[in-house]
Amino acid sequence: MQLVELVALGLALGTDAFSVSLAVGMNRFDWRLILKLSLIVALFHVLMPLIGINLAQLLDYFFGHYYFETTIEQITKAIGAGLLMILGLIMIIDSSEETGYNNYGFELSIGAMIILAISVSIDALSVGFSLGMLNVKMIFSCMILGLIAGMMVVSGLFVGSKFGVFLAGKAKTIGGLILIGLGIQLLFT
């Protein structure tokens, strides 16, 4: 696989991460949170394809031909969609409870970041299955995918924060609704 194809694949995989980061970015937060979230998402965009590649090679070794890709893709979509909708619901509930935080004090726990990272990178698992059938440089390919996803998260958070300034107190609710909408859209595509 050539670098141009790999970058195009990384951009395609990173669109979910960008969209979710846009929704989350509507709540303004500090650099540490931006750095943590982008690194966690990037890490999962490296790990998921690696797992998929190795699993595909293992299945190919034992079964000779690979027949499971469609089923795996459907399962990963359902899991990713469910996680996005749960996270969106949590954001909406959080905004209605308003526990002393305003848009300037938004905190996203490590657990929520991991759920978010899994939900936006789970499609990379099925892509890893496909890459496992090709002769690709495994580590290099996965590192490129992770780097692109991390950059897309940072850009989504910054763009989202600009929208959040205009939406003031409704940003968390709107972000939650967007996450639920993305989850529903993921289920039906």
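What order do you get for 39-51, 150-162 when each peptide is scored by the mean count of other beta carbon atoms within 10 Å, highest first?
39-51, 150-162
Counting neighbouring beta carbons within 10 Å and listing from fewest to most, the residues Phe18, Phe140 come out as Phe140, Phe18.
Rule-based calculations on the coordinates, nothing more; no lab input. Keep in mind that this is a model prediction, so the values were computed, not measured. Quick reminder, even Gly has a Cβ in these numbers, built from the backbone with ideal geometry, and neighbours come from all protein chains shown.
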